[in-house]
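Notes follow the structure.
The values are calculated or read from the model by the stated rules, or taken from the named source; none is laboratory data. The structure presented is a predicted model; accordingly, all values stated were derived computationally and were not measured. Ideal geometry is used to build each Cβ from the backbone, glycine not excepted, and the neighbour counts take in all protein chains shown. Heavy atoms of the whole protein, side chains included, go into the accessibility calculation; ligands, DNA and RNA do not. Shrake-Rupley method; radii C 1.70, N 1.55, O 1.52, S 1.80 Å.
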Amino acid sequence: MFGYETWLDFLWYRPVDPTRNWSVSDQPLPAIRLEPFSIGAFRLGDSIANAEFLGRPERCRRFRTADNAMLLYGRRGMMIEFDEGKFAEVMFHIGDGTYSAPLPGAKFCRPRIEGRGELTDATTIDEFIRIVGEPQRIDRDEDDGEVILYYTSADVCMEAEFNPQGTLGAWTVMVHDELCGG
């Protein structure tokens, strides 16, 4: 028998939720590797099936285009996007900030960077630079006091958003393309 979500999927021509059979996981987030970027063994460009170790997300937003999805992990404080079935972007909700509030009721994430340290809602700009490295560009919003650090490489773009108090709000990592802000 079709459930409510299945009927909506059918009416809106959305593909079936690829995470529907995944179990919930409370395992800690594995360490993050910066080069090449990965969450444990899960690398940018990997298929959505490779994300099953993270457990079933609270929400899987699917779009009409096959293989495009957004997995919202409020309990983990992160959001993962897939483009054409490939891991394309992750946003870690680390602390308070303008751009870091898309996950209602979300917990803050505390990603551990392999061999470098942990990012928390108390991480300052100087500490982030010590852990991740020098950014290619820094934007300061004089009106609201926010600061965004931009990093680019041949394969990856990263943005770190700091609130007016100077602490980390969000860290976003995405596949490098022509839309990168750096």
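Key figures
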item	result
Filtered residues of segment 136-164 (kept if more than 25 Å from Phe82 (Cβ to Cβ) and in contact (Cβ under 8 Å) with a residue 40 or more places away in the chain)	Gln136, Arg137, Asp144, Glu146, Phe162, Asn163
Test for Ala49: is it in contact (Cβ under 8 Å) with a residue 24 or more places away in the chain and either open to solvent by less than 10 Å² (accessible area, probe 1.4 Å) or of a type in the set (A, V, I, L, M, F, W, C) (or both)	yes
Some residue of segment 33-42 being more than 18 Å from Thr172 (Cα to Cα) and among the β-branched types (Val, Ile, Thr)	no
Unique residue being of a type outside the set (Asp, Glu) and closer than 30 Å to Thr19 by Cβ when the list is Arg112, Arg137	Arg112
Residue, surrounded by the fewest Cβ atoms within 10 Å (Cβ to Cβ), within segment 19-37, restricted to residues that are of a type outside the set (A, V, I, L, M) and in contact with a strand residue (DSSP E or B) (Cβ under 7 Å, 6 or more places away or on another chain)	Pro36
Residue within segment 169-176 that is modelled with pLDDT of 90 or more, more than 24 Å from Gly45 (Cβ to Cβ) and either outside any loop (DSSP other than H, G, I, E, B) or open to solvent by less than 70 Å² (accessible area, probe 1.4 Å) (or both) present	yes
Wholly enclosed strands (runs of 3 or more DSSP E) of segment 24-123 bearing at least 1 residues at pLDDT 90 or above and under 30 Å from Gln165 (Cβ atoms)	32-34, 37-39, 69-73, 78-83, 86-93
Breaking point among (1) modelled with pLDDT of 95 or more; (2) open to solvent by less than 50 Å² (accessible area, probe 1.4 Å); (3) not in a helix (DSSP H, G or I), for Gly181	(1)
Unique match (being among the charged types (D, E, K, R), open to solvent by less than 70 Å² (accessible area, probe 1.4 Å) and farther than 15 Å from Val173 by Cβ) among Glu134, Glu146, Glu84	Glu146
Tabulated pairs, segment 80-98, first on the phi > 0 side of the Ramachandran plot, second of a type in the set (Ser, Thr, Tyr) and assigned to a strand (DSSP E or B), C-beta under 7 angstrom, 6+ apart or interchain	Gly85/Ser47
